[in-house]
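Scroll down for the structure; my scribbles are underneath it.
The values are calculated or read from the model by the stated rules, or taken from the named source; none is laboratory data. No experiment lies behind these values; they were computed from the predicted model shown. Here Cβ is always computed from backbone atoms with ideal geometry, including for glycine, and neighbour counts include all displayed protein chains.
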Amino acid sequence: MSERFLSQPRFPVLPSRLGPHLLMGAIFCLMGPAVLAATSTLRAPYLDREQQCRAQPFPAVVLHLAGEAWKLDATGKQIALEEGMSLDEHEGLRTAADAFVSLRLGDGSRIVLPSRSQVRLQLDETQSVPQVLLEQGQVESYVIKRFSDHDRFQIRTSVGVLGVRGTHFRTRSEEGQALVEVLDGQVAVSRSEAPPAPGAKSRGKLSAVAEPRVRVNARQGLKIQDQGELEPVDLLPAPRLLGQDGQRGDQPVWQLFLQPLDGARRYRAQVATDATFLDIKQERFSSTPDIHFSGLQAAFYHVRLSAFDEQGLEGQTGVYDIYYWPRTVNAP
């Protein structure tokens, strides 16, 4: 499921003979907002390679928090995370079990971290490209689409780099490998050396990679390992919801019944209060097409379903809007 964002205004690329006008435009882009930025945590915008006026990606702001999470400084010291808190370059965050965090970058892009995940934020100083260093778990990214020949966003793992120009995709790091699943747009994947340790100075520009990038298109996934060919495969389709039920008691259980899907080894269901799934409340995994939730209040929920194939790649998603009314012992 993808999300639409309003992009920043695009300024025309001026020909070389209008150099003085372009210079004045650059001064306006940099100096004007800088006056406002002096009284806030925002940074002045910049001119990118295509001479477009862009908002700085950092600091990022915590949009939603469910459960317990921590902000990490450059040395790894942690403090309790709160909604509205900002995270700047060289800082990171970690989520506990059953926790979810969504961040909004300065350019409007968003990332969501589920349970037991950890990332750090870096910036390519040469190109002002935001980089998310995935150290543990998973990150789901919604990146603003722009027409460009250059990356606008990068995910770095211990075994590969994902260059993005606008898309909705998931990245997961586990057991010395990384997995990427593209739901919308395209991701360019290349192997890379491990990211710097916490507290180490960012090298800025990424090191060159000998092998060519592999393109992963929408509805495709890829497992990235130290060796072997990088071959994208088609993702599983989204599983269908057949029905729901509940159990009586002080702690009512909400049960979802999914239609069994050929090739599925595991199922996943997420419950959110918003259609964009930036405010996720719970998620559950199951080896069978029956999934249970508990402790939810009566409300309308958005439910997102997916399935994992034999390689461990998570497939496409199906979303259902459901009104959940938990039954109690005294209910008829």
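Pairing each residue of region 144-162 that is in the same structural domain as ASP226 (by TED's automatic domain parsing) with any residue that is crowded, with 22+ Cβ neighbours inside 10 Å and at pLDDT below 80, provided the two are 6+ apart or on different chains, yields C-beta distances under 7 Å for ARG146/ARG152. Evaluated against (1) of a type outside the set (Lys, Arg); (2) at pLDDT below 95; (3) in contact with a Phe, Trp or Tyr (Cβ under 7 Å, 6 or more places away or on another chain), ASN330 falls short on exactly one condition, (3).
With respect to PHE277, is the statement that it is under 24 Å from the mean Cα position of the chain (by Cα) and farther than 30 Å from GLU82 by Cα true? It would help to see each step written out before you state the result.
On the way: under 24 Å from the mean Cα position of the chain (by Cα): yes; farther than 30 Å from GLU82 by Cα: no.
Taking the combined requirement at face value, the residue does not satisfy it.
Here region 224-268 is the region considered, the condition is being among the acidic types (Asp, Glu) and at pLDDT 95 or above, and the residue that is farthest from SER287 (Cα to Cα) is ASP234.
Looking at region 192-209, is at least one residue polar (S, T, N, Q) and at pLDDT 85 or above?
Checked region 192-209: no residue is polar (S, T, N, Q) and at pLDDT 85 or above.
Checking the structure you have, find out if any residue of region 118-134 is under 17 Å from ARG215 (Cβ atoms), out of contact with any Asp or Glu (no Cβ under 6 Å at 6 or more places or on another chain) and at pLDDT below 85. The answer is no, given that none of the residues of region 118-134 is under 17 Å from ARG215 (Cβ atoms), out of contact with any Asp or Glu (no Cβ under 6 Å at 6 or more places or on another chain) and at pLDDT below 85.
Close Cβ contacts (under 7 Å, 6 or more residues apart or on different chains) running from residues in region 228-243 that are free of Cβ contacts under 8 Å to residues at least 40 places away in the same chain to residues that are assigned to a loop (DSSP other than H, G, I, E, B) and surrounded by 13 or more Cβ atoms within 10 Å (Cβ to Cβ) comprise ASP234/ARG219.
Look at region 68-88 and say how many of its residues are in contact (Cβ under 8 Å) with a residue 40 or more places away in the chain, of a type in the set (Gly, Ala, Ser) and assigned to a strand (DSSP E or B).
In the first step, residues of region 68-88 are kept if they are in contact (Cβ under 8 Å) with a residue 40 or more places away in the chain; the result is 69, 72, 74-76, 86.
Add one more test, that the residue is of a type in the set (Gly, Ala, Ser), and what stays is 69, 74, 76, 86.
Add one more test, that the residue is assigned to a strand (DSSP E or B), and what stays is 69, 86.
The total comes to 2.
Residues of region 234-285 that are closer than 18 Å to TYR324 by Cβ and of a type in the set (S, T, N, Q): GLN244, GLN247, GLN251, GLN255, GLN270, THR273, GLN282. When LEU65 is tested against (1) without any contact (Cβ under 8 Å) to a residue 40 or more places away in the chain; (2) of a type in the set (A, V, I, L, M); (3) not in a strand (DSSP E or B), just one condition goes unmet, and that condition is (3).
Does at least one position in region 314-324 carry a residue that is touching a Gly at 6+ places or on another chain (Cβ under 9 Å), at pLDDT 95 or above and outside the structural domain of VAL112 (by TED's automatic domain parsing)? For region 314-324, residues touching a Gly at 6+ places or on another chain (Cβ under 9 Å), at pLDDT 95 or above and outside the structural domain of VAL112 (by TED's automatic domain parsing): present.
Among the criteria (1) among the charged types (D, E, K, R); (2) over 26 Å from TYR142 (Cβ atoms); (3) outside any strand (DSSP E or B), the one ASP245 does not fulfil is (3).
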